[in-house]
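Heads up: the structure comes next, in structure tokens.
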Amino acid sequence: MLDLFTIFSKGGIVLWCFQSTSQIFTPSVNALIRSVILQERTGSQSFDHDSLRLQYKLDNEFELIFVVAYQKILQLSYVDKFLSDIHLEFRDRYKNELQKAQWFYDFNFQKSYEAILVSAEQWGKHQAKLPKQMRTFDESFKSKKTVASMIERKDDKDNKKQVKIQEPVKIDPPKPSPVTNGEVDEDILAANRLKLAQKMGGPKKKADKQKSPKPEKAGKKPRIWEFGGTNKDLVNLERTKDKPEDMEINIQTDTTIIGQMTGGIRDLEVESESEDESYEEEIETTKPEVQKKSGGVFSMFKGLVGNKSLSKEDMLPALDKLKDHLISKNVAADIAYKLCESVSIKLEGKVLGTFDSVANTVKSTLTEALVQILSPKKRVDILRDAFEAKKNSRPYVMAFCGVNGVGKSTNLAKICFWLIENNFRVLIAACDTFRAGAVEQLRTHTRHLNALHPPEKHNNQTMVQLYEKGYGKDAAGIAMEAIRFARDSKIDIVLVDTAGRMQDNEPLMRALTKLIKVNEPDLVLFVGEALVGNEAVDQLVKFNQALADYSNASNPHIIDGIVLTKFDTIDDKVGAAISMTYITGQPIVFVGTGQTYTDLKSLNAKAVVHALMK
């Protein structure tokens, strides 16, 4: 049943291998190492590559990786047990050699492997014959929720009422009756009258407080845009009355931004106003009381010796705290859970060093994993690729896609300005033939950009042109004609603006797939907002899936990179960047901030992770 089983170190040395067929498994194992282990995606413990399913188990103490490969069409229930048993057997048998790092020792493991495999297969057959039982409440996910996670605090942003733990009801002793032996106790009657008066007077005071007049809110002031003129010009915004249609609008431009975007884009700097949280103090308070037993004088020195291996129970308080922290910073809940699970698998069995605490070790490991996820695994150098395309006498084509209202056209104009600053001629293809005003918006951006870089400064060459065919036309055909026009006119770069569409709209997703398949752009960029959390996962997964399903090609062109917009509206809640890159594995090429053409940055992975872990 198993096609491949191998044991190798994290340094790449194969200790033992079994192969049942002549199939070459090297590409699948390399894909597992490249896409899962090096990218900190070890939470699921399984990986599909072509027709194979690879399941793996990590041994962090000896830095070993156990990998099993089989056809994913098969449903093998014993693989998890087989991996656990063979992992324990290999560790126990060759413990001395592994401690001495004798990687080239002759590991004769064939008989043990066959015996464990037969035992696991028999166990799987026995389990298949047993009737399926419903899991108990203790085995469910709901039972694992802690009481602290269900309590809402007063300082929550939602201003909800605080949930309190119900305490056992205490039965008060019976109060003495005011009538004793036929006589009335005057003191008790006076106390009861006082309580009644207080109860009757309570609501009146609240009603008096509500009658106090509230101060009137100040009215909103009109915003002054940088290219929009002064407040006096707001009256003249209605330009269509009593004016000809072909009238040219006088554009006021700020020429001080010229020359600021030459070369590569500057890195994004993320500032965080929140203070560092001391995870150690909070985690120590959540530990059970059993761990606080005094073990004499020697217990103090026991914690200083680095001979304790980490277990899931040791890391659970720190991981729960970090998972809640990631979700509060706008990381999707599923992604936060997978990240913490990946850290748990990576650290389980690792020996702590001297003076190392569990909280600091977990936090530093998660920080390294986040930096690794945000770091691009492939080179995206648009300027260099555009120069190469120019040498080959063809235009470099970039297509922008995304949901409605995320800022595709605005950030396309920012990228266009950056390209013009680097002496590239750009053609904007208006392929959004659905949204009212989409072509006019691009036309306005074209006028602004040509005003900033007039032809007189570039050998009488128009740096930005707009290719438009109106509304209601086929977007794929317009893009094809624009690319042909750019090739004939020797224009360097074509920016294709597409219509916004929801990820569940099948007809529009088919139209987008057709545009990409017919025109074969060099770069497909997904434009997403930094405001979204869980929605980012759904958008990217369905966009990628639609581009793969509807193309009917053996190697479909899916999303190559991400443009993250509205990054200046989230402060330090930068979790959407983690969610997007974790799902697709594609880098964030541009980060949009602000309202001017120069507000375009490249993502600095360390700065974003620093703000995320604050």
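The values are calculated or read from the model by the stated rules, or taken from the named source; none is laboratory data. Quick caveat: nothing in here was measured; it's all calculated off a predicted structure. In this analysis, Cβ positions are derived from the backbone assuming ideal geometry, glycine residues included, and neighbour counts consider all displayed protein chains. Protein only, heavy atoms only, side chains kept; ligands, DNA and RNA dropped before computing areas. Shrake-Rupley method; radii C 1.70, N 1.55, O 1.52, S 1.80 Å.
If only residues of segment 344-382 that are outside any helix (DSSP H, G or I) and hydrophobic (A, V, I, L, M, F, W, C) are counted, the one that is farthest from residue 318 (Cα to Cα) is 380. Taken over segment 325-342, the residue count meeting the criterion of being surrounded by fewer than 17 Cβ atoms within 10 Å (Cβ to Cβ) and in contact with a helix residue (DSSP H, G or I) (Cβ under 7 Å, 6 or more places away or on another chain) is 3. Within segment 322-341, residues that are at positive phi sit with their Cβ atoms under 9 Å from residues that are of a type in the set (D, E, K, R) and open to solvent by 40 Å² or more (accessible area, probe 1.4 Å), at 6+ positions apart or across chains, in these pairs: 330/573.
Let's see how each residue does on (1) open to solvent by less than 40 Å² (accessible area, probe 1.4 Å); (2) under 31 Å from the mean Cα position of the chain (by Cα):
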{"residue": "465", "(1), (2)": "no, no"}
{"residue": "482", "(1), (2)": "yes, no"}
{"residue": "492", "(1), (2)": "yes, no"}
{"residue": "498", "(1), (2)": "yes, yes"}
{"residue": "512", "(1), (2)": "yes, yes"}
{"residue": "522", "(1), (2)": "no, yes"}
{"residue": "528", "(1), (2)": "yes, yes"}
{"residue": "542", "(1), (2)": "no, yes"}
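Checked against (1) open to solvent by 80 Å² or more (accessible area, probe 1.4 Å); (2) assigned to a helix (DSSP H, G or I); (3) touching an Asp or Glu at 6+ places or on another chain (Cβ under 8 Å), residue 105 passes all but a single condition, namely (2).
Filter segment 568-584 for residues that are open to solvent by less than 10 Å² (accessible area, probe 1.4 Å) and in a loop (DSSP other than H, G, I, E, B) and give the result. Can you show your working first?
At the first step, the residues of segment 568-584 found to be open to solvent by less than 10 Å² (accessible area, probe 1.4 Å) are 574-581.
Result: 574, single match.
Rundown of residues vs (1) surrounded by 18 or more Cβ atoms within 10 Å (Cβ to Cβ); (2) under 19 Å from residue 257 (Cα atoms), yes/no style:
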site: 414; (1), (2): yes, yes
site: 419; (1), (2): yes, yes
site: 427; (1), (2): yes, no
site: 434; (1), (2): no, no
site: 444; (1), (2): no, yes
site: 455; (1), (2): no, yes
site: 461; (1), (2): no, no
site: 469; (1), (2): no, no
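Rundown of residues vs (1) in contact with a helix residue (DSSP H, G or I) (Cβ under 7 Å, 6 or more places away or on another chain); (2) under 27 Å from residue 368 (Cα atoms), yes/no style:
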site	(1), (2)
49	yes, yes
58	yes, yes
63	no, yes
69	yes, no
94	no, no
104	no, no
110	no, no
113	yes, no
124	no, no
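A single member of 477, 437, 472, 402 is closer than 25 Å to residue 591 by Cβ and out of contact with any Leu (no Cβ under 8 Å at 6 or more places or on another chain), and it is 402. What number of residues in segment 585-614 are surrounded by 19 or more Cβ atoms within 10 Å (Cβ to Cβ) and part of a helix (DSSP H, G or I)? Residues meeting the conditions: 5.
Tell me the residue from 388, 348 that is within 27 Å of the chain's Cα centre (by Cα), acidic (Asp, Glu) and open to solvent by 50 Å² or more (accessible area, probe 1.4 Å), please. From the options 388, 348, the qualifying one is 348.
Conditions tested, residue by residue: (1) in contact with a Gly (Cβ under 6 Å, 6 or more places away or on another chain); (2) among the hydrophobic types (A, V, I, L, M, F, W, C).
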position: 341; (1), (2): yes, no
position: 391; (1), (2): no, no
position: 403; (1), (2): yes, yes
position: 411; (1), (2): yes, no
position: 424; (1), (2): no, yes
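Would you be able to say whether some residue in segment 380-387 is under 26 Å from residue 609 (Cβ atoms), without any contact (Cβ under 8 Å) to a residue 60 or more places away in the chain and in contact with a helix residue (DSSP H, G or I) (Cβ under 9 Å, 6 or more places away or on another chain)? Checked against the condition, which is being under 26 Å from residue 609 (Cβ atoms), without any contact (Cβ under 8 Å) to a residue 60 or more places away in the chain and in contact with a helix residue (DSSP H, G or I) (Cβ under 9 Å, 6 or more places away or on another chain), segment 380-387 yields no hits at all. The residues of segment 108-131 that are among the aliphatic types (A, V, I, L, M) and surrounded by 14 or more Cβ atoms within 10 Å (Cβ to Cβ), listed by number, are 116, 117, 120.
Confirm whether residue 565 is surrounded by 19 or more Cβ atoms within 10 Å (Cβ to Cβ), hydroxyl-bearing (Ser, Thr, Tyr), under 25 Å from residue 478 (Cβ atoms) and touching a strand residue (DSSP E or B) at 6+ places or on another chain (Cβ under 8 Å).
Working: surrounded by 19 or more Cβ atoms within 10 Å (Cβ to Cβ): yes; hydroxyl-bearing (Ser, Thr, Tyr): yes; under 25 Å from residue 478 (Cβ atoms): yes; touching a strand residue (DSSP E or B) at 6+ places or on another chain (Cβ under 8 Å): yes.
Taking the combined requirement at face value, the residue satisfies it.
Sub-6 Å Cβ pairs linking a first residue in segment 15-26 that is without any contact (Cβ under 8 Å) to a residue 40 or more places away in the chain to a second residue that is open to solvent by less than 60 Å² (accessible area, probe 1.4 Å) and in a loop (DSSP other than H, G, I, E, B), at least 6 apart or interchain, are 20/3; 21/3, ordered by first then second residue.
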